[in-house]
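The next block holds one structure in the form of structure tokens; read it before the comments.
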Amino acid sequence: MKNSMKLIAIFSAAVLFMIINVAMIQKPGGPWNVPAKYKSMKSTIKAGDASINSTGKELYNKHCKSCHGAKGLGDGPKAANLKTSCGDFSSKDFQAQADGDIYYQSFVGRDEMPNFEKKITDEADRWAVVYFMRTLKK
Amino acid sequence: MNKLYKILRFSAIVVMALLMNHGIILAQEEATEEPAKERPARAAFESGLLFDAATTTLQPSKTLEMIIQHRFGTMNNGTEDLFGIWAPSNIRLGLNYSILNNLMVGIGTTKFNKMQDIQIKYNVLQQTRSNKIPVTVSLYEVIGIDARADETFGMNYKFSHRMNYFTQIIISRRFNDMFSLQVAPGFTHYNSTDSTVDHDRISFSFAGRVKFSPQSSLIIGADFPLQIQGISEHTKDFNDMAEPMKPNICIGYEVATSTHAFHLYLASGQGILPQENIMLNKNDFFDKGILIGLNITRLWSF
């Protein structure tokens with residue numbers, strides 16, 4: 001009797017553990033509905049601009065790294081506590097997006113992805129961050 | 001005659017067409033030659049607060065900033081009070097709100113002397129990336145209200161005795177991504193002071209930042225109270241004999257994230273409002289007057 005009780009307790013704990021883990025699995029964010037205005041946006045800086053590896057990198061490290069990770073793999077220290085997966089900036093799917101798509105997702109945001117328009121106010125600085133994210137391509 | 005008229009009419013049409021075309025080209029040229037919009041330089045400091053001092057950095061409009069400032073006791077007792085950590089400490093809780101991109105108002109409450117404060121900071125000039133405007137200039141005002149018991153202020157108590165004021169012009173420059181510096185002359189006035197202390201004092205402050213990683217900086221600052229005989233209420237002999245106020249010197253480490261700024265530092269002044277350190281500080285940074293301080297700020301955008 002004692003043994004069967006122990007077995008039931010272990011089994012229940014295992015089931016509970018699995019349920020909690022399933023509940024904690026991060027879901028992918030789903031497709032973004034990017035307004036046409038943003039889709040067609042053109043960068044105010046040129047590819048290869050010096051600000052990409054200075055300002056862009058610095059602002060990425062300050063505002064993005066804690067969730068998205070230093071290499072954009074979505075493995076920053078805060079990422080595990082989010083309900084939604086941070087995605088992988090080095091992936092082909094991410095890099096295939098238009099600049100305007102990345103701009104909208106990065107600065108307008110949705111749900112757990114905060115709006116950064118007030119944190120990075122200068123337009124050219126925002127594009128430096130977008131282009132820095134381009135450098136994370138594998 | 002008719003033929004001449006036709007030639008003239010044709011010539012007029014051609015000339016008009018040419019002029020119109022020229023006009024369009026001119027307009028296009030004017031459009032392309034429109035002067036580029038001046039871009040404001042990035043903020044010289046990560047936060048509007050550096051130790052107990054204000055910087056020229058202002059958060060965008062409709063941003064709320066919560067501030068927690070903490071200063072332990074002096075470290076001179078060593079392990080007896082764990083380098084001041086177990087000694088009486090001073091704490092301030094504050095809230096700042098940016099009404100406009102260049103105007104901030106704030107309130108706060110401080111433990112020592114039960115000081116309540118109202119702050120206003122207004123950016124008059126903003127440094128631009130083109131260097132057309134090479135510095136950022138802010139006007140900063142702190143109104144302090146001492147909330148201790150009436151008896152503290154002597155026999156003829158009036159509410160106005162509780163009031164003290166600090167006014168500063170802050171001039172900063174972000175030299176590059178790594179190095180920023182600011183200088184700030186200030187004027188402090190206490191409506192009520194001890195009989196040995198002047199009511200007015202002029203001060204000179206500076207602060208600097210050396211950023212050594214995307215989020216970390218070495219920060220340094222100092223407030224020097226100036227003993228100017230011309231505005232003193234006491235004789236020169238008296239002032240020469242009196243114990244002088246000491247500069248409030250601070251040096252520390254700053255970590256700034258998207259929404260937070262953390263400062264961990266060594267300082268001499270145990271006051272938290274600038275007027276307290278400029279008017280009353282007697283801790284000497286170079287003679288057993290160092291204490292540990294820390295600040296935390298948190299931003300919310302609306």
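The table below gives the values:
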quantity	calculated
Longest site-free stretch - chain B; sites: trypsin sites (Lys or Arg not before Pro), DSSP loop, at most 16 other Cβ within 10 Å	B:159-281
1.4 Å probe, heavy atoms, protein only - residues of region B:255-287 losing at least 40 Å² accessible area vs chain alone	B:258
Cα long-axis angle, helix A:123-134 against chain A (0 to 90 degrees, to the nearest 10)	60 degrees
Distance from region B:39-108 to region B:179-197 (C-alpha centre basis), Å	17 Å
Whole-number accessible area per residue in Å² for chain B, which is evaluated in the context of all protein chains at 1.4 Å	53 Å²
Heavy-atom accessible area, 1.4 Å probe, ligands and nucleic acids excluded: residues of region B:54-74 down by at least 30 Å² from chain alone	B:60
Occluded residues from region A:96-138, i.e. those whose accessible area drops by 30 Å² or more once the chain is not alone (1.4 Å probe)	A:118, A:119, A:122, A:125
Rounded if a/c under 1.5, otherwise prolate or oblate - chain A, Cα gyration tensor axes	prolate
Chymotrypsin sites (Phe, Trp or Tyr not before Pro) restricted to DSSP loop in region B:32-139 with at most 16 other C-beta within 10 Å	B:86
Å² of accessible area per residue within region A:38-80, as computed with a 1.4 Å probe and no ligands counted	54 Å²
Rounded if a/c under 1.5, otherwise prolate or oblate - chain B, Cα gyration tensor axes	prolate
Cα shape, the protein assembly as shown, gyration tensor, a/c 1.5 rule	oblate
Euclidean distance between Cα centres, region A:70-138 to region B:119-137, Å	30 Å
Surface share of carbon and sulfur [accessible, 1.4 angstrom probe, percent] for region A:28-134	54 percent
Interface A:B - total buried accessible surface [probe 1.4 Å, Å², rounded to 100]	1400 Å²
Which listed pairs, of A:37/A:62; A:71/B:121; A:119/B:246; A:39/A:118; B:111/B:158; A:118/B:246, have C-alpha distances above 32 Å, in listed order	A:71/B:121; A:119/B:246; A:118/B:246
Only Lys, Arg (+1) and Asp, Glu (-1) charged, at Cβ; the protein assembly as shown dipole about Cα centre in debye	2340 debye
Chain B: calculated mean residue ellipticity at 222 nm from DSSP helix runs of at least 4, using -39500 (n - 2.57)	-4500 deg cm²/dmol
Spin-label pair residue B:81/residue B:287, simplified geometry with 7 Å Cα→Cβ offset, distance in nm	1.9 nm
Cα-based helix-to-principal-axis angle, B:2-32 vs chain B, degrees rounded to 10	20 degrees
Rounded to 10°, Cα long-axis angle of helix A:2-24 versus longest principal axis of chain A	10 degrees
Chain B, accessible surface, carbon-and-sulfur percent (1.4 angstrom probe)	66 percent
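The values are calculated or read from the model by the stated rules, or taken from the named source; none is laboratory data. Bear in mind that the values here come from a model prediction, so they are computed numbers and not experimental data. Neighbour counts are summed over all protein chains in view; Cβ atoms, including those assigned to glycine, are modelled from backbone coordinates with ideal geometry. Just the protein is used for accessible areas: all its heavy atoms, side chains included, with ligands, DNA and RNA removed. Shrake-Rupley method; radii C 1.70, N 1.55, O 1.52, S 1.80 Å.
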